[in-house]
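First comes the structure, then the notes that go with it.
The values are calculated or read from the model by the stated rules, or taken from the named source; none is laboratory data. Everything quoted here is computed from the prediction, not taken from an experiment. Cβ placement follows ideal geometry from the backbone for every residue including glycine, while neighbour counts extend to all protein chains displayed. Note: accessible area is taken over every heavy atom of the protein model, side chains too, but ligands, DNA and RNA are not part of it. Shrake-Rupley method; radii C 1.70, N 1.55, O 1.52, S 1.80 Å.
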Amino acid sequence: AKEQAAHSSQMLFDFDMDAQIHRRQQLQKDLRIALERSKLHLVYQPIVSLQTQQVVSLETLLRWDHETYGAIPPLEIISIAEKYSLANTLGCWIIDEACRQIDEWRNEGFQPLPVAVNISPSMHQLDLAAIINQSLKQHNLPQGLIRIEVTEDTGMQILKETQDLLPGLARHNISVALDDFGTGLSSLSHLQQLPIQTLKIDRSFISKISEDQVSRRLVHNIIGIGHDLGMKVVAEGIENEAEARLLATYQCDYGQGYLFSKPLAPRLIPACCREIAMTANDSAVTETC
Ligand code: C2E
Ligand code: MG
Ligand code: MG
Ligand code: MG
């Protein structure tokens, strides 16, 4: 019986593997088509000043709802795109789509906010500044409305490309944030040399600060280091008031997370930004009462 069980679990395993491989192959085929037929879309998440509670910018995040497999995680979309030489096409589409959206909001009377775009490693070889400026120009937008986020890993691994990339962005006033800070390998001396304006502390640290004193100290110190390096600091993944309050007392500049808003469809963004600002006014009133 034991042997039989082992045999059937092996079959189940093979079946799972088969299903996985099949899924992956299907997604690879479908991504190209999805890109051509604009089946991908972007959602936007507010980044909020922890001192004034105003929404200061947005981060855009990629979404793909597949007919068969449902929502595909963005990191999986990116990894498929990287493998199939679609990453540059996809990245350029994201930048241009974000510009188109900012323009649409502006036409609806919504004051344009800078949008941060996540940049996948292979795009570091491109002239990103030129690509961004071209999209901005095409949509009649001023410089500064597109920012980029690179991850620490790419900051270390593709050191050469990233180092070549950053000064050009700085010359064009394109602000760069180092994403998921604390999960990668960046050394402080290296960070000091790079023209990066913002540090984003990874959610894995933020989610522990309410309970764990070591995490609390760590985050407090990371904020200090960011400031010492002349950077603004964003805390990712703030989910409750306690975390927001703590981070504000640590002088963390900005916050992002479900407490303020989940990533939203673009049509919901103007109302959401108004609501966040209003909640801030309410709590200011309560505090003075
Ligand atoms: P990221 O850039 O660090 O994005 C933050 C992720 O945390 C997003 O997940 C967001 O939905 C999630 N998040 C935000 N606030 C909270 C919170 O309070 N609680 C929790 N539990 N999660 C929160 P998402 O959209 O699944 O994206 C995951 C990662 O995929 C991103 O991490 C980014 O590295 C990558 N990614 C997403 N969109 C793009 C894109 O357009 N291009 C590239 N190259 N990468 C992307
Ligand atoms: Mg990001
Ligand atoms: Mg992040
Ligand atoms: Mg992250």
- [ ] Tell me which residues, restricted to the stretch 204-234, are outside any helix (DSSP H, G or I) and either crowded, with 16+ Cβ neighbours inside 10 Å or away from ligand 1 (no atom under 15 Å from the Cβ) (or both).
- [x] SER207, LYS208, ILE209, GLU211, ASP212, LEU229, GLY230, MET231, LYS232, VAL233, VAL234
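To keep it simple, each residue is scored yes or no on (1) away from ligand 2 (no atom under 16 Å from the Cβ); (2) touching a residue at least 60 places away in the same chain (Cβ under 8 Å).
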| position | (1), (2) |
| --- | --- |
| PRO114 | no, yes |
| ASP127 | yes, no |
| PRO142 | yes, no |
| LEU145 | yes, no |
| ILE148 | no, no |
| THR162 | no, no |
| HIS172 | yes, no |
| GLN192 | yes, no |
| ASP202 | no, no |
Open item on the list: Is it the case, given these coordinates, that GLN125 is modelled with pLDDT of 95 or more, under 20 Å from LEU178 (Cβ atoms) and not β-branched (Val, Ile, Thr)?
Closed with: no
- [ ] Answer yes if at least one residue in the stretch 85-98 is modelled with pLDDT of 95 or more, under 29 Å from LEU199 (Cβ atoms), touching a Ser or Thr at 6+ places or on another chain (Cβ under 7 Å) and charged (D, E, K, R), and no otherwise.
- [x] yes
TODO: Could you check how many residues of the stretch 182-203 are within 12 Å of ligand 1 (Cβ to nearest atom) and open to solvent by 50 Å² or more (accessible area, probe 1.4 Å)?
DONE: 2
Task: Candidate set from the stretch 174-187 (those that are at pLDDT below 90 and part of a loop (DSSP other than H, G, I, E, B)); member that is farthest from ligand 2 (Cβ to nearest atom) - done: SER187
- [ ] Give the residues of the stretch 240-268 that are under 16 Å from the mean Cα position of the chain (by Cα) and either part of a helix (DSSP H, G or I) or not aliphatic (A, V, I, L, M) (or both), sorted by residue number.
- [x] TYR254, GLY255, GLN256, GLY257, TYR258, PHE260, SER261, LYS262, PRO263, PRO266
Open item on the list: When you scan the stretch 30-43, do you find a residue that is part of a helix (DSSP H, G or I), open to solvent by less than 70 Å² (accessible area, probe 1.4 Å), more than 12 Å from ligand 1 (Cβ to nearest atom) and of a type outside the set (A, V, I, L, M), even just one?
Closed with: yes
Open item on the list: Could you go through the stretch 41-63 and let me know if any residue there is away from ligand 4 (no atom under 16 Å from the Cβ), farther than 26 Å from ALA248 by Cα and without any contact (Cβ under 8 Å) to a residue 12 or more places away in the chain.
Closed with: no
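Could you tell me which residue of the stretch 148-170 is modelled with the lowest pLDDT, considering only residues that are of a type in the set (A, V, I, L, M) and assigned to a strand (DSSP E or B)?
Taking the candidates together, the pick is VAL150.
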Open item on the list: Let me spell it out: the conditions are (1) of a type outside the set (Gly, Ala, Ser); (2) outside any loop (DSSP other than H, G, I, E, B); (3) open to solvent by 60 Å² or more (accessible area, probe 1.4 Å), and THR52 meets all of them except one. Which number is the exception?
Closed with: (2)
Open item on the list: With the requirement that a residue be among the aliphatic types (A, V, I, L, M) and without any contact (Cβ under 8 Å) to a residue 12 or more places away in the chain, what does the stretch 243-282 give you?
Closed with: LEU268, ALA271, MET278
